[in-house]
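Asks: Quick one: the structure is below, and I'll ask about it shortly.
The values are calculated or read from the model by the stated rules, or taken from the named source; none is laboratory data. It should be emphasised that the depicted structure is a prediction, and the values quoted were computed from it without experimental measurement. So basically every Cβ, Gly included, is an ideal-geometry build from the backbone, and we count neighbours across all protein chains shown.
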Ligand code: AMP
């Protein structure tokens, strides 16, 4: 099974993708995570991407599409994948269609997490992750049980994304509306688009997604 989670930054794509990964044995492919790893390693792609990401803009389609194509070739992707943060433009969606057709693969579901834009700034600017295991937390919505200690691995170091600053979030949301939202009618025309209420409780969102994936409803 191969699927796409669509929605603006802060909609919960990453959180939900991780949950579905475990439940359905799929692999999460997050182009944002891949780019952050490139930036950290100081690779050529990372050097090109860093400033663009910090401005809240999108990486050129050709760069990101090549990166995704290489990732989909990895053996673990054969289990089925959840795309989180890709595609983000119509050319990326078209390239993905060609890529999948060339491999004899299909997109089983495209699911939009519908959220209230006005709430995304608070959601995004408060989030942070355990530097050791990547567990996600939030200043308002999800603090560790013991302050400063990760519930999952006991790690005591936490990181915040450079582009989660309130001033960058506006640019990221604008990029979503200008460049990514046109994918909704694109997938609707392919009769693949489903939507869930991304403002519901995290576990309720997971249940809604599971229902779609198990029944196709
Ligand atoms: P994300 O973690 O998905 O919010 O992505 C963080 C940043 O990485 C975005 O704001 C973009 O600068 C870049 N990025 C991630 N995925 C893509 C993509 N599919 N196309 C272009 N830029 C991307």
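Rundown of residues vs (1) under 17 Å from residue 33 (Cα atoms); (2) away from the ligand (no atom under 12 Å from the Cβ), yes/no style:
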site	(1), (2)
92	no, no
97	no, yes
119	no, yes
122	no, yes
140	no, yes
149	no, yes
164	yes, no
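Asks: Then there is this: Which members of the range 174-185 meet the condition of being crowded, with 17+ Cβ neighbours inside 10 Å and either closer than 11 Å to residue 58 by Cα or over 17 Å from the mean Cα position of the chain (by Cα) (or both)?
Replies: 175, 176, 179, 180
Asks: To continue, here is another question. Can you confirm whether residue 105 is closer than 23 Å to residue 214 by Cα, surrounded by 15 or more Cβ atoms within 10 Å (Cβ to Cβ) and near the ligand (Cβ under 10 Å from one of its atoms)? Break it down stepwise before answering.
Replies: On the way: closer than 23 Å to residue 214 by Cα: yes; surrounded by 15 or more Cβ atoms within 10 Å (Cβ to Cβ): yes; near the ligand (Cβ under 10 Å from one of its atoms): no.
Considered against the rule, which asks whether it is closer than 23 Å to residue 214 by Cα, surrounded by 15 or more Cβ atoms within 10 Å (Cβ to Cβ) and near the ligand (Cβ under 10 Å from one of its atoms), residue 105 comes out as no.
Asks: Identify all residues within the range 161-189 that are modelled with pLDDT of 95 or more, over 17 Å from residue 118 (Cβ atoms) and outside any helix (DSSP H, G or I); write none if there are none.
Replies: 182
Residues are listed down the side, and each one gets a yes or a no for (1) buried (at least 19 other Cβ atoms within 10 Å of the Cβ); (2) near the ligand (Cβ under 10 Å from one of its atoms):
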{"site": "21", "(1), (2)": "no, no"}
{"site": "24", "(1), (2)": "no, no"}
{"site": "30", "(1), (2)": "yes, yes"}
{"site": "44", "(1), (2)": "no, no"}
{"site": "52", "(1), (2)": "no, yes"}
{"site": "63", "(1), (2)": "no, yes"}
{"site": "66", "(1), (2)": "no, no"}
{"site": "71", "(1), (2)": "no, no"}
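Asks: Kindly check whether there is at least one residue in the range 47-57 that is in a loop (DSSP other than H, G, I, E, B) and within 30 Å of residue 189 (Cα to Cα).
Replies: Filtering the range 47-57 down to residues in a loop (DSSP other than H, G, I, E, B) leaves 56-57.
Right, trim to within 30 Å of residue 189 (Cα to Cα) and you get 56-57.
Checked against the condition, which is being in a loop (DSSP other than H, G, I, E, B) and within 30 Å of residue 189 (Cα to Cα), the range 47-57 yields at least one hit.
Asks: Looking at residue 4 and the list (1) surrounded by 21 or more Cβ atoms within 10 Å (Cβ to Cβ); (2) part of a loop (DSSP other than H, G, I, E, B), which single condition is not satisfied?
Replies: (2)
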